Amino acid sequence: MGEAQKGLLSVIEKLKGSTEQEVRIVLLGLDNAGKTTLLKTLASEDVNTITPTQGFNIKSVASHGMKLNVWDIGGQRKIRPFWKKYLENTDLLIYVIDSADKKRFEETGLELSELIDEENLKGVPVLIFANKQDLATASPASEIAEGLNLHTYRDREWQIQACSAVSGEGVQDGMNWICNNIVNRKK
Amino acid sequence: MAEDDSEWIIESIVGYLGSPEWVIPVTDFMENKCTVFDDEDENKLSYTDIHQQYKKLVEKLLENYMQEVGINEQQFLDACTSPFAKSKSLQAVFQPVLATDDFQMFRSLMVQKNTELQLQALRVIKEQNGALPECLTDGVDVMTELQQQEMKILEDVLKKSKEEYDEEMSRRLLIEKQMGSTSSSSSDKPNKGDEARSAALTSSKQSNTSKPTLGSSVQPNLLPAVRAPTKSSESSDANRHQAEEQSSSTEAAAEAYLEEAHREAGFSKPYTELSPSQQEQLQQRAAYLRQQRDKLHALKREKQKSRQAAEPEEPSHTPPLEPATNLEISAEEKKKLQKRKHLADKLKEEVVKK
Ligand SMILES: Nc1nc2c(ncn2[C@@H]2O[C@H](COP(=O)(O)OP(=O)(O)OP(=O)(O)O)[C@@H](O)[C@H]2O)c(=O)[nH]1
Ligand SMILES: [Mg+2]
């Protein structure tokens, strides 16, 4: 988009006049992984009325003196081609996995590795939530990390965090990692 | 850069944001695209494309503007970051610019615009009938469902009268062009009346494609973008620009709504799938609406005339569609209308609050 875009955006940034640091976070993962549930948990909203996402949701969450703008995009197969429209200027990727859905570990791994290769996500830190740990059939985070070959990611910061979006357990730990990481990165 | 420079540049930018060169294309865009924006919590994927298009439009406009005025990006930036630019009143003026980078703000502007147009549609119906037609008030108890149905019917009606409208537009365009330029009156298309309309029927496509240029071609030298700096009246100046922006957008809104509703109606249930009685109702309503539209155009033209005659004194606070009388409305109908209006107001309020 050329020069004007850069100028325009920086103008706009300054016009906002906020001293608060804004962080753009994109929340991705297969359908039914628990992205919207996680988003609502982060925003301290009710998680009992969530339906599969056809479009996308945005919530702004204040954390560690920063404003986190979290974008949750639907994960159904037909929506995944649209993911890449939301990656520009992303500061951090949160990837959510249903730890109890072993049948789809391979599918979710493929989607993640495609995201990692996206130009717009180059070097962008990634937090993986191994969600639904409250279910008895959930695989432990370490096993999932191994299955995803996370240890081969050398071009970025990454972290895997076991959690339950429903109970909220582990979610805050993940957010702490994010905030520490962003602060390090942006300073 | 000297502070004085910043000041006149900011003045100029604000002037530009209130000028037809900016207001017309931006308002046009919003009115044409706002109909898919509802106030559901979840966003539709299509919003993103529309937001991208909006970004491009604003970028192009600002680029043109900077070139025209002869300032570079650095100057633009310096001016925009000067303390003057950060005053409360100016922040509001800059909202449509900020919306390029702020999806949530963009979304709320679009939802707000959509609500405005819905209200206008209600007013059109109300004015033409003295009250809302039966089919819009009877039979359905749930308000939201009622509103939806009403919008759908209205859209169908408007779709039905698309030809007439296009024809009207192209006729107007033709007349305006003839008046604006010195072109010899190649009037194979006559002056007024019904013959002229049917004569122009074939040119509906032309009217669609030439509409976006309406602003620049019809109003080539209104409001120069660069204005002399006036140190003492900063905020009142800004307010004036806002008022100007509002009034011109209100006027354009009524018209563009009609146009857009046709386009949108293309996606809704086709006219032919309606029951015969519904079709008949729609046809009746189409006739009403046509009358309404003619009245509207007459009103608008008059307004433009008086505006040109007395531009500074008339910031035109009165919306062009304000019903002249509502004497024939029964108490019950009135109550229904109020209920509906209240709902729309609430919706609007929520949107504005966001
Ligand atoms: N047991 C359990 N269920 C969860 C958890 N998180 C989400 N769920 C359930 O998983 C289902 C899907 O959750 P969503 O948040 O809608 O999933 P999503 O990733 O947003 O799905 P899409 O919108 O289709 O992409 C819902 O029934 C949730 O209640 C969790 O931590 N534990
Ligand atoms: Mg979802």
Margin query: Excluding ligands, DNA and RNA, what is the accessible area buried between chains B and A, summed over both sides, using a 1.4 Å probe, to the nearest 100 Å²?
Written below: 2500 Å²
Note to self: Not counting ligands, DNA or RNA, and with a 1.4 Å probe, what is A:PHE82's accessible surface area in Å² rounded to the nearest 10?
What the structure shows: 70 Å²
Check: Any idea what angle helix A:105-116 forms with the longest principal axis of chain A, computed on alpha-carbon atoms, 0 to 90 degrees, nearest 10?
Finding: 20 degrees
Checklist line | With DNA, RNA and ligands ignored, accessible area of A:ASP101 (1.4 Å probe; Å², nearest 10) | finding: 30 Å²
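Structure shown: which of B:LYS55/B:LYS126; A:LYS67/B:LYS113; A:LYS59/B:LYS55 lie over 30 Å apart, alpha-carbon to alpha-carbon?
Numbers: B:LYS55/B:LYS126 36 Å; A:LYS67/B:LYS113 27 Å; A:LYS59/B:LYS55 22 Å.
From B:LYS55/B:LYS126; A:LYS67/B:LYS113; A:LYS59/B:LYS55, over 30 Å: B:LYS55/B:LYS126.
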Check: According to the Cα gyration tensor, what semi-axes, each the square root of 5 times an eigenvalue, does the equivalent ellipsoid of the stretch A:22-70 have, listed from largest to smallest in whole Å?
Finding: 20, 12, 8
Item checked: Solvent exposure, largest accessible area first (probe 1.4 Å, DNA, RNA and ligands not counted), of A:THR51, B:THR115 -> A:THR51, B:THR115
Next item on the list: For A:ALA162, list long-range residues whose amide hydrogen, built 1.01 Å from N in the peptide plane, is under 5 Å from its own amide hydrogen.
Entry: A:ALA130
Margin query: Need one number: the % of Cα-Cα pairs in the stretch A:19-186 sitting beyond the 22 Å mark.
Written below: 37 percent
Item checked: Tilt relative to chain A, helix A:171-186 - C-alpha long axis, 0 to 90 degrees, to 10 -> 30 degrees
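Semi-axes of the equivalent ellipsoid for the stretch B:1-130, please: Cα gyration tensor eigenvalues, times 5, square-rooted, ordered largest first, whole Å. List each step's numbers first, then the result.
Details: eigenvalues 201, 56, 36 Å².
Result for the stretch B:1-130: semi-axes of 32, 17, 13 Å.
Can you give the charge dipole size of chain A about its Cα centre, rounded to the nearest 20 debye, using +1 on the beta carbon of Lys and Arg and -1 on the beta carbon of Asp and Glu? Spell out each step's value before the answer.
Values: 23 positive and 26 negative charges, 99 e Å.
Dipole about the Cα centre, nearest 20: 480 debye.
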Checklist line | For A:LYS67, residues with placed amide H under 5 Å, excluding near neighbours | finding: A:GLN21, A:GLU22, A:VAL23
Margin query: Given a 1.4 Å probe and heavy atoms of the protein chains only, how would you sort B:GLU7, B:GLU63, A:GLU169, A:GLU45, largest accessible area at the top?
Written below: A:GLU169, B:GLU63, A:GLU45, B:GLU7
Notebook entry, point to check: Accessible surface of A:GLU157 in the full protein assembly, 1.4 angstrom probe, to the nearest 10 Å²?
Noted result: 100 Å²
Next item on the list: Using a 1.4 angstrom probe on the protein heavy atoms only, line up A:SER167, A:SER44, B:SER87 by accessible area, largest first.
Entry: A:SER44, A:SER167, B:SER87
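Divide by every residue of chain A the summed helix terms, -39500 (n - 2.57) for each DSSP H run of at least 4, and state the resulting mean residue ellipticity at 222 nm, rounded to the nearest 500 deg cm²/dmol.
On the way: 5 runs with 58 residues, N = 187.
Taken over chain A, the calculation gives -9500 deg cm²/dmol.
The values are calculated or read from the model by the stated rules, or taken from the named source; none is laboratory data. Computed from a predicted structure; not experimentally measured. Cβ coordinates were reconstructed from backbone atoms using ideal geometry, including for glycine residues, and neighbour counts include every protein chain displayed. Protein only, heavy atoms only, side chains kept; ligands, DNA and RNA dropped before computing areas. Shrake-Rupley method; radii C 1.70, N 1.55, O 1.52, S 1.80 Å.
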